[in-house]
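Report on one structure; see the data block that follows.
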Amino acid sequence: MPLQMILVAVGTSGDVLPFVAIGIVAKARGHRVAMVASGAHRASIEAGGIELIESIDAEADAIALGHPNFWRPTRGLRRISERIIVPSLRPQVAAIESLHEKGNTVVVGSTLALGARIAEFGLHSR
């Protein structure tokens, strides 16, 4: 029976592209795959034949990553938290809850995909 795989990636292309590779391999093995990520990565995700559910739009992502504070060691974590991680939480949780099939879903989240952890905790504690 094919699994429902939900891949949740937060960050730059270096964070997202490994998840695209996982999705391509999973699809080739017959699983259903959806990816929750920034709209900035739409082309790469859809080129892999993977459904994209936007957690943050491309414009907001570009504004956050384009700010000089993002690349400063003492200010970068705050910037990504305020502009990308926190705004992505609700969309991540909503996407996972809407796609989740009890007993047949695998969720794989990147380090900063905190919404994936929140959703999984909520789904498994019911």
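Taken together, the values in this text are just the output of simple stated rules run on the coordinates, not laboratory data. Please read these numbers as outputs of a predicted model, since none were measured by experiment. Positions of Cβ are backbone-derived with ideal geometry, glycine not excepted, and every protein chain shown enters the neighbour counts.
At a glance:
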| read-out | value |
| --- | --- |
| Selected residue [assigned to a helix (DSSP H, G or I), of a type outside the set (A, V, I, L, M) and surrounded by 12 or more Cβ atoms within 10 Å (Cβ to Cβ)] from 70, 121 | 70 |
| Selection within the stretch 96-126 - over 19 Å from residue 19 (Cβ atoms) and either touching a strand residue (DSSP E or B) at 6+ places or on another chain (Cβ under 6 Å) or not small (Gly, Ala, Ser) (or both) | 97, 101, 102, 104, 121, 123, 124, 126 |
| In the stretch 73-118, the residues that are hydroxyl-bearing (Ser, Thr, Tyr) and either closer than 23 Å to residue 5 by Cα or surrounded by 13 or more Cβ atoms within 10 Å (Cβ to Cβ) (or both) | 81, 88, 98, 105, 110, 111 |
| Every residue from the stretch 87-118 that is over 25 Å from residue 14 (Cα atoms) and part of a helix (DSSP H, G or I) | 97, 98, 99 |
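This table checks each residue for (1) farther than 19 Å from residue 111 by Cβ; (2) in contact with a Leu (Cβ under 7 Å, 6 or more places away or on another chain).
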| residue | (1), (2) |
| --- | --- |
| 40 | no, no |
| 52 | yes, no |
| 65 | no, no |
| 85 | no, yes |
| 92 | no, no |
